[in-house]
Structure formats: structure tokens, C-alpha cells
Amino acid sequence: MRYVGIAAYSGPPPDHLKAAAEEFLHNLALCRSAEDTVVVTGGYWGLMKYVVDQALSIGFKVTIIPPLEMEDIRFPLKALVIRTGTSFRVRSIFLVRTAEVLVALGGAAGTMQEVVTAYTEGVPVFVLGMTGLPTDKLYSLSPYLDNRKRSEVKYFNDPKSLAQAVCKYLEETPPKGWAGL
């Protein structure tokens, strides 16, 4: 299994972001077997809900790690929901630590926090730019958020190129915890 974390806007998603998420997932499915790939999100509302629904319809496995405050909402039966009993910010750490890569499809402070967490944890970050959301500001910090160069933060202006870059990374990098057996 390969784990692709997706950080996304928690507010009502604009149509252009829904279209970008759909295009990203369809292109991810072209190079990654949906039955061998797990899409991991931090919730099931806003753009995250759209991502989860689209990923399930394509055939990806989906894991949702909601914060305590949102653990009682209705989740899709086909998704694995992990209720950690933690706050929004702490659940973001679980999301990032579960993922082999983090894809930011546009968002605000929560998505930005997940990008920073992934960077500090050494998880590669792939960001969709030109979304019209605050995460677009992260471009000015690329390719590294600071002098430690923990992981590269890569930006893409179209979802197809973003998916292709994620696929290339996953093809060239062994799975997390891989023992080579």
C-alpha cells in the first residue's frame, strides 16, 4: 500500500477546486493502482468531502482521521475512519505521519499547518498553486521552508502535472517501512 495524504480546504469548495481535485485523482489513478493506494484526509467536509467521495468512486481506499470535534458526523461506509480523540491540530500530525507524501489541493491555515508539519517531519510536499486560497502564499517559500531543508516543497499550477509528480515520486521511492522482502 502507498499512502497519499491530502490536505484541502475545509470551507465550501469553489467549483474550480472541485474540478482540480477530480482531475488530480483521475490522473493519480492512471499511474497508481487504486487498489494499492490509500488516500488519507483529515476530515469529511468542505473540499475534503469532495476528495473522499471522488476517491471512493474511482476505487481508491480511503482513510479519514477526523478531529474529536467532528468524530460524530456521518462518514461513508467504505472509508476507514480512525477516531483518535485529538484536536484539529493534533489530528493533522496523524495525517502527515500516516502519509508518504502530502498533497495540498488548496486551503487556509489548517492546510498550511499540515504543509509545515509535513516539511518538519521530512514528508515530501506537493502543492497545487493558483487556487485563490491562502496556501498560494507558500510559493514564496519554495523549495524549502527554512535552512534545514527537511523536505522539498514542490508547486504545480495544474492538477495533471501534480498527479504525475506524485506518481513519479512513489514509483522511485520505496514504501514507508519497506523491508525489501
Looking at TYR144 and the list (1) over 15 Å from the mean Cα position of the chain (by Cα); (2) in a helix (DSSP H, G or I); (3) hydroxyl-bearing (Ser, Thr, Tyr), which single condition is not satisfied? (2)
Listed by first then second residue, the pairs whose first member lies in region 153-173 and is under 14 Å from TYR139 (Cβ atoms), whose partner is small (Gly, Ala, Ser), with beta carbons under 8 Å and at least 6 positions apart or on separate chains, are VAL153/SER142; LYS154/SER142; LYS154/ALA165; TYR155/GLY129; TYR155/SER142; PHE156/GLY129; PHE156/ALA165; ASN157/GLY129
Considering VAL81, VAL103, which residue is crowded, with 20+ Cβ neighbours inside 10 Å and of a type outside the set (Lys, Arg)? VAL103
Of the criteria (1) within 27 Å of CYS31 (Cα to Cα); (2) in contact with a Ser or Thr (Cβ under 9 Å, 6 or more places away or on another chain); (3) surrounded by 17 or more Cβ atoms within 10 Å (Cβ to Cβ), which one VAL166 fails: (2)
Have a look at SER140, SER151, SER161 and point out the one that is loosely packed, with under 14 Cβ neighbours inside 10 Å and at negative phi. SER140
Being outside any helix (DSSP H, G or I), crowded, with 24+ Cβ neighbours inside 10 Å and small (Gly, Ala, Ser) is the filter here; which residues of region 1-34 pass it? GLY5, ALA7, ALA8
Pairs under 7 Å by beta carbon, first residue without any contact (Cβ under 8 Å) to a residue 40 or more places away in the chain in region 102-121, partner among the small types (Gly, Ala, Ser), six or more apart or different chains? GLN113/SER92; THR117/SER92; TYR119/SER151
Check region 13-31 and report whether any residue there is more than 21 Å from LYS160 (Cβ to Cβ) and either touching a residue at least 24 places away in the same chain (Cβ under 8 Å) or among the aromatic types (Phe, Trp, Tyr) (or both). no
PHE126: passes all of (1) within 25 Å of LYS160 (Cα to Cα); (2) of a type in the set (A, V, I, L, M, F, W, C); (3) in contact with a Ser or Thr (Cβ under 8 Å, 6 or more places away or on another chain) but (3)
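Conditions (1) closer than 22 Å to TYR44 by Cβ; (2) modelled with pLDDT under 95, marked per residue:
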position	(1), (2)
VAL90	yes, no
THR135	yes, no
TYR155	no, no
PRO159	yes, no
GLU172	no, yes
Check ARG83 against each of (1) in contact with a strand residue (DSSP E or B) (Cβ under 9 Å, 6 or more places away or on another chain); (2) over 11 Å from GLY5 (Cβ atoms) and name the one condition it does not meet. (1)
Do we have any residue at all in region 41-48 that's under 21 Å from PRO159 (Cα atoms), touching a residue at least 12 places away in the same chain (Cβ under 8 Å) and surrounded by fewer than 21 Cβ atoms within 10 Å (Cβ to Cβ)? yes
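The values are calculated or read from the model by the stated rules, or taken from the named source; none is laboratory data. Treat the numbers as computed from the prediction; the structure is a model and nothing was measured. Cβ sites come from the backbone with ideal geometry, for glycine too, and all protein chains shown count toward neighbours.
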